[in-house]
1. Under 15 Å between alpha carbons, and skipping anything fewer than 8 positions from LYS204 in its own chain: which aspartates and glutamates qualify?
2. Please list 3J(HN,Hα) in residue order for the stretch 275-285, calculated via the Karplus relation 6.51 cos²θ - 1.76 cosθ + 1.60 where θ = phi - 60°; whole Hz, with x for glycine and proline.
3. Counting only C-alpha contacts under 8 Å and six or more residues apart, can you give the relative contact order of the stretch 3-279 as a whole percent?
4. Going Cα to Cα from LYS162, which lysines come in below 25 Å? Please leave out same-chain ones fewer than 8 positions away.
5. Considering only protein heavy atoms, what is the solvent-accessible area of PHE262 at a probe of 1.4 Å, reported in Å² to the nearest 10?
6. Through the Karplus equation 6.51 cos²θ - 1.76 cosθ + 1.60, θ set to phi - 60°, convert the phi angles of the stretch 239-244 into ³J(HN,Hα) values in whole Hz; use x for Gly and Pro.
7. Please work out how much accessible surface GLU181 shows to a 1.4 Å probe, ignoring ligands, DNA and RNA, in Å² rounded to 10.
8. Extent of the chain along each principal axis, from alpha carbon coordinates, in Å, largest to smallest?
Amino acid sequence: MADSILPKGFRVTPIAGALGAEIEGVDLSTNLDAATFEAVHRAFLDHQVIFFRDQNLTPEAHKNFARRFGSLTIHPYVKGMDGHPEVVEIIKEPQDKMNFGGGWHSDTSFMEEPALGSILHALEIPPYGGDTLFASQYLAYETLSEGLRDLLDTMSALHTAKAEYGRQGHSAQKRSSMDIENSVDDTPVFEHPVVRTHPETGRKALYVNGAFTEKFKNMSRKDSLPLLNHLFAQATREEITCRFRWTKGAVAFWDNRCVQHFALNDYHGHRRHMRRVTINGGRPT
Ligand code: SIN
């Protein structure tokens, strides 16, 4: 694509060797023209998670940008904003001990059709800490030995929100400013391939995560755990990650089909306020 038709100042700068790039010269609150949208989409596919600084998004503008990529998710367990059920406010108050998203996961892998991507906007950030980590699940898969890759290619696993949103779940515990369902007894279970093929890039990615993957198909949890734990560690090795230091107004947009993420909880006594919109994806294959 010719640079001349992109906005002046449009630039994509990788932030790590594995994944992640910062994009300059785009105002996400505007209706992006086709060339700019295509360049943002290309960067999203190439870098798996993209970042923008100094954005000013109303809930409506946030949803409008997200809708360019697909229909929006209404989270089954976390109540959205009044008038904007697709916008989830992720808030940790100074008195809260637990954060939201503080474990490696791929958003809504517990659904039949898990999320394509998530767009997180920072409204208020703590003076230090509260970074988000991301891990490339392409590299998690590609750096396994060939024999294990071949075996995993034939396997599927069961995903459920039980450990996170069931009665004792970590995500469902009370937070001062978030309304999270915590009385779910029988969360549904869905089967997904252990290795999925990205529908747009054609690359294979590991698709198991510690928050929502319960066990392999036709195996007990006990029998699944040795290999699952190996894969959870493989999925989050330092060299396949990047780390984003938030600033007020920053936006992160990650591809849940090939990325896991982790919200660090290292800023007790300070407030952090984010808004997230999630884009529906298809059934993993
Ligand atoms: C999440 O979507 O899991 C939360 C990420 C964050 O707050 O950094």
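1. Straight-distance partners of LYS204: ASP46, GLU142, GLU146, ASP150, ASP153, ASP255.
2. 3J(HN,Hα) across the stretch 275-285, in whole Hz: 10, 10, 10, 10, 9, 5, x, x, 5, x, 9.
3. 34
4. LYS79, LYS92, LYS97, LYS174, LYS215, LYS217, LYS222
5. Ignoring ligands and nucleic acids, PHE262 comes out at about 50 Å².
6. The phi angles translate into 6, 10, 10, 9, 10, 10 Hz.
7. 80
8. 55, 45, 32
The values are calculated or read from the model by the stated rules, or taken from the named source; none is laboratory data. Predicted model, so just to flag it, every value in this text is computed and none were measured. Cβ sites come from the backbone with ideal geometry, for glycine too, and all protein chains shown count toward neighbours. Ligands, DNA and RNA are excluded from the accessible area calculation, which covers all protein heavy atoms including side chains. Shrake-Rupley method; radii C 1.70, N 1.55, O 1.52, S 1.80 Å.
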